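Reading through the C-alpha cells given below for one structure.
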C-alpha cells in the first residue's frame, strides 16, 4: 500500500518535523487536527467562533484538503475537540457554514487539555 505524507506551505510548518498535515492512502486522506493558529504559528485573536473558522481550524483544514487533492464535499468524518463543551452551540453555528451538504459524520467531545491551551481543535477524514 502506498502512503503519501502531505504538508502544505500555506499553513504553519513549525510542527512539520513532528507530524504531517495529512496522510493519504489509497482512497482516504487523514487530516491532522488543526488549531486556531495562523501561518506563523501565532494564536488567532478572538473567541471560539473566530478560532473555529477565520484563519483557523476549518480554513486550515480546507487548505490541507486542497493540497491533498480533495475537498469539503469528500469529507466523511470530522472530529471536534473542545476545551469547554459550553462552546458547542457557537462552534456548531460556524460548522454549519462548511460547504458540504449533507454534512459529514461528526463527533464532538470536551478534551481535558489541548495543545498550547487552545479552545478548539478539529480533524477530518476525507475520500480522495
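The values are calculated or read from the model by the stated rules, or taken from the named source; none is laboratory data. Here the structure is a predicted model, which is why all the values come from computation and not from measurement. No Cβ is skipped: glycine too gets one built from the backbone with ideal geometry, and neighbour counts run over all protein chains shown.
Annotations for the structure displayed:
- Flag for residue 124 being surrounded by 19 or more Cβ atoms within 10 Å (Cβ to Cβ), touching a helix residue (DSSP H, G or I) at 6+ places or on another chain (Cβ under 9 Å) and in contact (Cβ under 8 Å) with a residue 60 or more places away in the chain: yes
- Some residue of the range 10-21 being within 16 Å of the chain's Cα centre (by Cα) and modelled with pLDDT of 90 or more: yes
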